[in-house]
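To start, the structure itself, in structure tokens.
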Amino acid sequence: MKKTYIAPNIERNSAGNTNKYGAKSVVRYQDKIDGIPVKEIVEQFGSPVLVLSESQIRRRHRRLMDALQMHYPKVRLAWSYKTNYLGAVCNIFHQEGSCAEVVSGMEYAMARRLGIPGNEIIFNGPGKKRHELELAIREGARIHIDHLDELYLIEKIAQELDLVPQVAIRVNMDTGIYPQWDRFGFNYENGEAYRAINRIVSGKAMKIVGLHAHIGTFILDAQAYYYEAKALLELAQRMKDELGITVEYIDMGGGFASQNTLLGSYAPGEFISPSFDQYAEAIGAAFNESHFVSQNLPKLILETGRALIDEAGYLISSVVGKKNLPSGERAVILDAGVNTTITAWWYKLKVTPTRPFPGAYQNTIFYGPLCMNIDIMRPAVPFPDLQTGEPVLITPTGAYNNTQWMQFIEYRPPVVLISETGKLELLRPREELDDVIGREMIPEHLRSQ
């Protein structure tokens, strides 16, 4: 029989680890996740399926704690629920010692459902509602104030309930990161943050126990955290000197980058993302230089999310079909799209075959199954020829995908956890029609065709 024609792909590679595509173009395969064959996972749960590794999650948490405590002893991690709020995932982090960091009443309810007491919850976010604040105040949560309207509302609720809520203020500042996140909290440079602190003190209805900042997301310059910590600690020192208030903790927020590769980035994420040690060294330097720290030893809190779980997530997706495009590139259609993997809009996700391939590569674009031109899972990358029905691994996918995914055109896939003992645990089953339309109501006059 005549062999299938494969268009040639001539590629000039320079010596070393990188070329114009970023990493070496030799595509390695991965046929197992934590020792479990990909084929076995697909046979049991179908395709697509999102897989999380418990052992990798726990290792990342412990590795970050070790890096931070190498430089400063009083550290607490707060699990960022918005990163991945599956109950099993949250409980892994809580078992490791993290408290809960939530940014909405919905997430607050999720934490309480898991048995996390109010005094183990940090309540962030700019859109807290009155009834949510009332509950948080009654239950002793630490509330981080975002704006003056919220400050005033908390003050009124506190007076009505005759309770003294524990609060922190969120501070924004210039740390050299562009774009500067200035929509959240009170500005440091123009004095707005200190004026807000004075307003809280004069109201005598709340107790300021902390200072909080979150300077951005996917921060690739670890030194920015030095400037963030330095500013917060200087503000804490001023509060003590001028107001006689000693804060109990400094909350540095999140923003640590995973090893994903941002769209538009030349070098792969594993080469340019700072390590935990680099982030910890920058923060530790500011803390160990601070007079306030030497006198008061405040607790350091970090709300790291993405960097703790992204690499622990794998999407298994299978080939639905393929074609050659007019550009000479190959198009592969997968059974998982951006409705399932929304981070494909931000990252050059890794697509890895699950078996070895001989022969030539062709520039290949990976599309999802949605009838939308924007459903691109991975822009063109040199790749071997795949067969219909063949599974591939898409990584890292542990952060933000199952909190921001959409019910659009296709059902959302199951989520499976590989436990530390190697057992496959179903965390969320594949959606069915009742899950999609179960809350719909059709008026009587529209019930018949």
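So if I take the centroid of the Cα atoms in the stretch 163-234 and the same for the stretch 50-81, what is the distance between those two points in Å?
When both Cα centres are located, 24 Å separates them.
Identify the trypsin sites (Lys or Arg not before Pro) of the stretch 342-449 meeting these criteria: DSSP loop state and at most 10 other C-beta atoms within 10 Å of the C-beta.
Passing both the DSSP loop test and the Cβ count: LYS423, ARG439, ARG447.
Towards the positive end of the charge dipole of the chain, with charges on Cβ (+1 Lys, Arg; -1 Asp, Glu), say which of GLN259, ILE154, CYS90 has the farthest Cα.
With unit charges placed on the Cβ atoms, the residue in question is GLN259.
Quick check: the distance between the Cα centres of the stretch 112-138 and the stretch 309-357, to the nearest angstrom?
38 Å
Nearest 0.05, what FRET efficiency do ASN91 and THR4 give at R0 = 45 Å with Cβ-Cβ as r?
Details: r = 49 Å, r/R0 = 1.09.
Calculated transfer efficiency: 0.35.
Below 8 Å between Cα atoms, with a sequence gap of 6+, how large is the relative contact order for the chain in percent? Please list the in-between numbers first.
Working: 888 pairs, mean separation 86.9, N = 449.
Reported as a whole number, the value is 19 percent.
Per residue of the stretch 331-341, in order, report the coupling 6.51 cos²θ - 1.76 cosθ + 1.60 (Karplus, θ = phi - 60°) as ³J(HN,Hα) in whole Hz, putting x for Gly and Pro.
10, 10, 9, 9, 8, 10, x, 6, 5, 8, 10
Please list 3J(HN,Hα) in residue order for the stretch 245-252, calculated via the Karplus relation 6.51 cos²θ - 1.76 cosθ + 1.60 where θ = phi - 60°; whole Hz, with x for glycine and proline.
For the stretch 245-252, the Karplus-derived couplings read 10, 10, 6, 8, 8, 10, 9, 8 Hz, x marking Gly and Pro.
What length, rounded to one decimal in nm, is gained on full extension from TYR152 through to GLN295, with 0.36 nm per residue of separation minus their alpha-carbon distance?
Details: separation 143, 0.36 × 143 = 51.48 nm, distance 3.21 nm.
Going from the current span to full extension adds 48.3 nm.
What is the set of long-range amide H partners of ILE169 at a cut-off below 5 Å, with H atoms built 1.01 Å from backbone N?
Residues meeting the criterion, in which the H sits 1.01 Å from N, are ILE145, GLY210, HIS212.
Can you list the lysines whose alpha carbon sits under 18 Å from that of LYS230, skipping same-chain ones fewer than 8 residues off?
Partners found: LYS74, LYS240, LYS299.
Computed over the Cα atoms of the chain, what is the convex hull's projected area averaged over all directions, in nm²?
Numbers: hull surface 111.2 nm².
The Cα convex hull of the chain, projected and averaged over all directions, gives 27.8 nm².
What does the helix-only formula give at 222 nm for the chain: each DSSP H stretch with n ≥ 4 adding -39500 (n - 2.57), the total divided by the residues, and the result rounded to the nearest 500 deg cm²/dmol? Let's see the in-between values first.
On the way: 14 runs with 130 residues, N = 449.
Helices in the chain give a 222 nm mean residue ellipticity of -8500 deg cm²/dmol.
What residues qualify as long-range amide H neighbours of LYS350, i.e. H under 5 Å apart, gap of 5 or more or another chain, H built at 1.01 Å from N?
HN-HN under 5 Å from LYS350: THR395.
Would you mind computing the Rg to Rh ratio of the stretch 54-308 from its alpha-carbon coordinates, Kirkwood style for Rh? Intermediate values should be presented prior to the final figure.
Details: Rg = 17.6 Å, Rh = 18.5 Å.
That ratio equals 0.95.
Between GLN362 and residues 5 or more places away or on another chain, which pairs have amide H atoms under 5 Å apart, with H built 1.01 Å from N, and which residues are they?
Those qualifying (amide H under 5 Å, at least 5 residues apart or on another chain) are PHE383.
Provide the percentage of antiparallel DSSP beta bridges, counting only those with both residues in the chain; round to the nearest 5.
Here the share of antiparallel DSSP bridges comes out near 45 percent.
Computed from the coordinates by the stated procedures, all read-outs in this text should not be read as laboratory data. Bear in mind the structure is a predicted one, so any value in this text is a computation, not a measurement. Heads up, the Cβs are rebuilt from the backbone with ideal geometry, glycines too, and the neighbour counts pull from every protein chain shown.
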